[in-house]
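A.B. asks: Below you will find the structure I want to go over with you.
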Amino acid sequence: MNDPTPGFIGKSVERKEDYRFLTGQGQYTDDITQPNQSYAVFVRSPHAHATIRGIDTKAAMDSPGVLAIYTGKDFESVGGLPCGWLINSIDGTPMKEPKHAVLTADKARYVGDHVALVIAETLAQAKAAAALVDVDYDVLPAVVDTAGAAKHKTAVHDIAADNVCYTWGCGDKAATDAAFAKAAHVTTLEFVNNRLVPNAIEPRAANAVYNRGDDSYTLYTTSQNPHVARLLMTAFVLGLPEHKVRVVAPDVGGGFGSKIYLYAEETALVWASKRVGRPIKWVAERSEAFLSDAHGRDHVTKAELALDKDNKFIGLRVHTTANLGAYLSTFSSCIPTILYATLLAGQYATPAIYAEVQAVFTNTAPVDAYRGAGRPEATYVVERIVETAARELKVDPAELRRKNFIRSFPYATPVGLTYDTGDYEATLAKAQEVSDIKGYAARKAASEKNGLLRGMGYACYIEACGIAPSNIAGALGARAGLFEAGEVRVHPTGKVTIFTGSHSHGQGHETTFAQVVADKLGIGIDDVDIQHGDTGKILFGMGTYGSRSLAVGGTAIIKAVDKIVAKGKKIAAHLLEASDSDIEFTNGEFRVAGTDRKKTFAEVALTAYVPHNFPLDKLEPGLNENAFYDPTNFTYPAGSYICEVEIDPGTGAVRIDRFTASDDFGNVINPMIVEGQVHGGIAQGIGQALLEGCQYNEDGQLVTGSFMDYAMPRADDLPNLQVDTVKGTPCTHNPLGVKGCGEAGAIGSPAAVMNAVTDALWHLGIRDVPMPVSPYNMWKTLQGARA
């Protein structure tokens, strides 16, 4: 692995970080135990909507080992958890922003809402005391149904009497209506994009330590973006000096978006750590995670597609009601708007699109980004209605797509994005080749012979990754920058430490970032160390989400490496008695052009730190550079997925027989890691389509609150995935030419699966089946069709 031969980019280098994980040497937040450690348990509301008339903590305080108990009244002078994106309604009014208290004092607004914090010597003592906290609730009617929330007589928050946070529009309504007026055919589809629970393998956790010696705080936590967590916590909630708070996100066991946000738990622990004078640890149990982690999806949508007589798309009209849950989470407002409706063009040259989104509050857990974050919902809308239109028109779904593909780039969509590059024909053709489309008829006949229904479905997705640039996002309501930071520290021996504002929690950054730097500097990959996740070490960065790490974080590192090389050329010129402009740098060597005179990277590094005869008037010692990078545009990975299913009409069981993915990720740094990311995303997308469904009853009780009730995909639910990455169209605006890959599988797969399911049922008159297509849901649908 430490072969210094250049050319690490594009190679399936084994993950450097896996050794420590496989040998049990990873360090997660729960592995960190401080001297004099204490433990926290949160008292949570058992009711979805209730007035808190009083809290009696006496018996709990008198129980063994209890150090402190805090309630919402203790936090009334503290700010609320902020939302990071302002959305304005169509009429120009800003969204409704009710206070999201760290601990609620007046009302509980969902099952799991934070009511009290109990801190004790041991976890067992904290649990025992929490059970003794007596809360007097006056139970109120609960608002649960997404579609009916705006008409419910009960208000979740007083400032939103109709439960509407905002009603937002995107696109040209008049042009779209005009397109529908002249359409030769209109396809209409209504469906629900089901709510999901993220369920990262490591539950959320926090350990807050206060140092009385210098009045500082250290928070160890399961965060995807520690700098953002620190900023929000200090500036908007607790009012602490930012430089006195250090946030460390050590090894993190998955996130999928659910660990982006600032949550009440870590905030409460930081606040309490000074008052208790002890380190305080909290680790969510799985049941708590189901209740209190931000959920994903939960859209109710009506979509209409207008086509002309030649089957060209001329208009798309979408109305979506999006559930925000009980409170605005950190980025919840932009998920069903900026990251959803702007992707409704898909891969197609539809000239007129208009989307309207009504976001509502309900008495359920907050909803925010979950792997894909708006892009899976948009792809589901576009690809389900395109496939449905093809069946209505009795044309080949692939050919209908081809007829409407965008062919010329850059392409400005009618919903605000500009695709810089792409080749949608290439991914579709490759998917058809790998999936053996020609043999489908024989496979379908064989299924019928066995009494099974077989269907095939397509999904051609596009996503926008690495949300940017900051100035445009700011104009659209973002309350934070969207840049990334990187620092390159070259040591005297030529070894390199990289500090990145991105955070790795399964993506393999310690390998891919090292590959990029080793390739650029012509050194061994083991000579490069990657550091992340600690605000005490790292430049201010925005973290990891939205498939941004390599395209944005990697580019920041490359910009810093370029500065290293530029300074190295000056040092080499001094050593070689040549002009700076005559120095070339390739394969780890600084060489005078046209000669064999050279200095290695390590020799130049040593000279930087041992500056004997160094021109100090022209060069300062050391070899350390940093850079910030703010992209000029998103990256736009795209691909085509083909799924084949078999359905047993007797039991309703759906089995995925084949699944093919063909993706264009631009230039690929590590094909093995990319394939693994796609596999994981497809597994989650299949989970949404067939298994996973977060359900509340009419009283707001979470009825899928454990793995006994919430079905996660297992190995035997998945087929042998055929994943192919085509020779891509490189991104035109970052030096690596890379695009994001981490969310693609979860974006394209639900629509492909559901298109295959509905294809198998089309001859029975069934146009749609709600996700997840469990055996019971499928059996019930088939019985309804027969009736």
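The values are calculated or read from the model by the stated rules, or taken from the named source; none is laboratory data. Here the structure is a predicted model, which means the values were calculated and not measured. Here Cβ is always computed from backbone atoms with ideal geometry, including for glycine, and neighbour counts include all displayed protein chains. Accessible surface areas use protein heavy atoms only, side chains included; no ligands, DNA or RNA. Shrake-Rupley method; radii C 1.70, N 1.55, O 1.52, S 1.80 Å.
A.B. asks: Can you work out the base-10 log of I(q)/I(0) for the chain at q = 0.05, 0.10 1/Å, using the Debye formula on its C-alpha atoms alone?
C.D. replies: -0.27, -1.06
A.B. asks: Quote the relative contact order of region 59-120 in percent (integer), defining contacts as alpha-carbon pairs under 8 Å separated by 6+ residues. Mind showing how you got there, number by number?
C.D. replies: Working: 69 pairs, mean separation 27.9, N = 62.
After rounding, I find 45 percent.
A.B. asks: If I compute solvent accessible area with a 1.4 Å probe over the protein chains, what percent of it on the chain is carbon and sulfur?
C.D. replies: Working: 14850 of 28590 Å².
Heavy-atom surface of the chain belonging to carbon and sulfur, 1.4 Å probe: 52 percent.
A.B. asks: At 20 Å minimum axial length over the Cα atoms and a Kyte-Doolittle cut of 1.0, report the qualifying DSSP H helices in the chain, or say none.
C.D. replies: Details: long enough: 375-393 (27 Å, -0.29); 555-576 (31 Å, 0.71); 671-690 (28 Å, 0.52); 744-761 (27 Å, 1.03).
Membrane-span-like by this criterion, though nothing is claimed about a membrane: 744-761.
A.B. asks: In addition: Within region 191-245, report the trypsin sites (Lys or Arg not before Pro) that DSSP leaves as loop and that have at most 12 other Cβ atoms within 10 Å. Don't skip to the end; give the middle numbers.
C.D. replies: Working: sites: Arg195, Arg204, Arg212, Arg230, Lys244; in loops: Arg195, Arg204, Arg212.
Qualifying residues, ordered by number: Arg212.
A.B. asks: Next up: Tell me, what HN-Hα J-couplings in whole Hz come from the Karplus equation 6.51 cos²θ - 1.76 cosθ + 1.60 at θ = phi - 60° for each residue of region 21-36, using x for Gly and Pro?
C.D. replies: Here the 3J(HN,Hα) series is 6, 5, 9, x, 9, x, 10, 9, 4, 5, 6, 8, 10, 8, x, 6 Hz.
A.B. asks: Highest first, please rank the peptides 54-67, 494-507, 122-135 by the mean number of other Cβ atoms sitting within 10 Å of their residues.
C.D. replies: Values: 54-67: 15.5, 494-507: 23.1, 122-135: 18.4.
Peptide ranking by packing, descending: 494-507, 122-135, 54-67.
A.B. asks: Stretch Thr154-Val186 to full length: gain in nm at 0.36 nm per residue minus the Cα-Cα span?
C.D. replies: On the way: separation 32, 0.36 × 32 = 11.52 nm, distance 3.71 nm.
Stretched out fully, the Thr154 to Val186 stretch lengthens by 7.8 nm.
A.B. asks: Let me ask you something else. Out of all DSSP beta bridges in the chain, what portion is antiparallel? Express it as a percent rounded to 5.
C.D. replies: Values: 103 of 130 bridges.
So the antiparallel bridges in the chain amount to around 80 percent.
A.B. asks: Which order do the peptides 92-105, 37-50, 738-751 take when ranked by the mean count of other beta-carbon atoms within 10 Å per residue, highest first? Before the final figure, lay out the partial values.
C.D. replies: Details: 92-105: 18.1, 37-50: 22.8, 738-751: 30.6.
By packing density, highest mean first, the sequence is 738-751, 37-50, 92-105.
A.B. asks: Would you mind getting the accessible area per residue of region 193-270, heavy atoms of the protein chains only, 1.4 Å probe, in Å²? Working shown, then result.
C.D. replies: Values: 2050 Å² over 78 residues.
With all protein chains present, region 193-270 gives 26 Å² per residue.
A.B. asks: Here's something else I'd like to know. Name all residues of region 743-787 having a backbone nitrogen under 12 Å from the label point set 7 Å from the Cα of Glu448 along its Cα→Cβ direction, giving them as ranges.
C.D. replies: From region 743-787, the list is 763.
A.B. asks: If you count only protein heavy atoms with a 1.4 Å probe, what accessible area per residue comes out for region 446-497, rounded to a whole Å²? Let's see the in-between values first.
C.D. replies: Working: 1840 Å² over 52 residues.
On a per-residue basis, 35 Å².
A.B. asks: How large is the accessible surface per residue of region 516-639, computed with a 1.4 Å probe and reported in Å² as a whole number?
C.D. replies: Numbers: 5040 Å² over 124 residues.
The answer is 41 Å² per residue.
A.B. asks: Only bridges whose two residues both fall in region 294-381 count here: according to DSSP, what percent of them are antiparallel, nearest 5?
C.D. replies: Working: 9 of 19 bridges.
Approximately 45 percent, going by the DSSP bridge assignments.
A.B. asks: Given 0.36 nm per residue, what is the gain on full extension from Asn211 to Asn720 after removing their alpha carbon distance, in nm? Let's see the in-between values first.
C.D. replies: On the way: separation 509, 0.36 × 509 = 183.24 nm, distance 5.27 nm.
The Asn211-Asn720 span can extend by a further 178.0 nm.
A.B. asks: Next question. Ranked highest first by the average count of other Cβ atoms within 10 Å around their residues, in what order do 326-339, 527-540, 380-393, 150-163 fall?
C.D. replies: On the way: 326-339: 25.9, 527-540: 19.3, 380-393: 23.4, 150-163: 15.4.
Packing order, densest peptide first, comes out as 326-339, 380-393, 527-540, 150-163.
A.B. asks: Compute the distance in nm between two label points, each set 7 Å from the Cα along the Cα-to-Cβ direction, one at Gln695 and one at Arg286.
C.D. replies: 1.9
A.B. asks: Thr586 to Glu399: FRET efficiency via 1/(1 + (r/R0)^6), r the Cβ-Cβ distance, R0 51 Å, to the nearest 0.05? Please list the in-between numbers first.
C.D. replies: Numbers: r = 48 Å, r/R0 = 0.94.
Taking R0 as 51 Å, the efficiency between Thr586 and Glu399 is 0.60.
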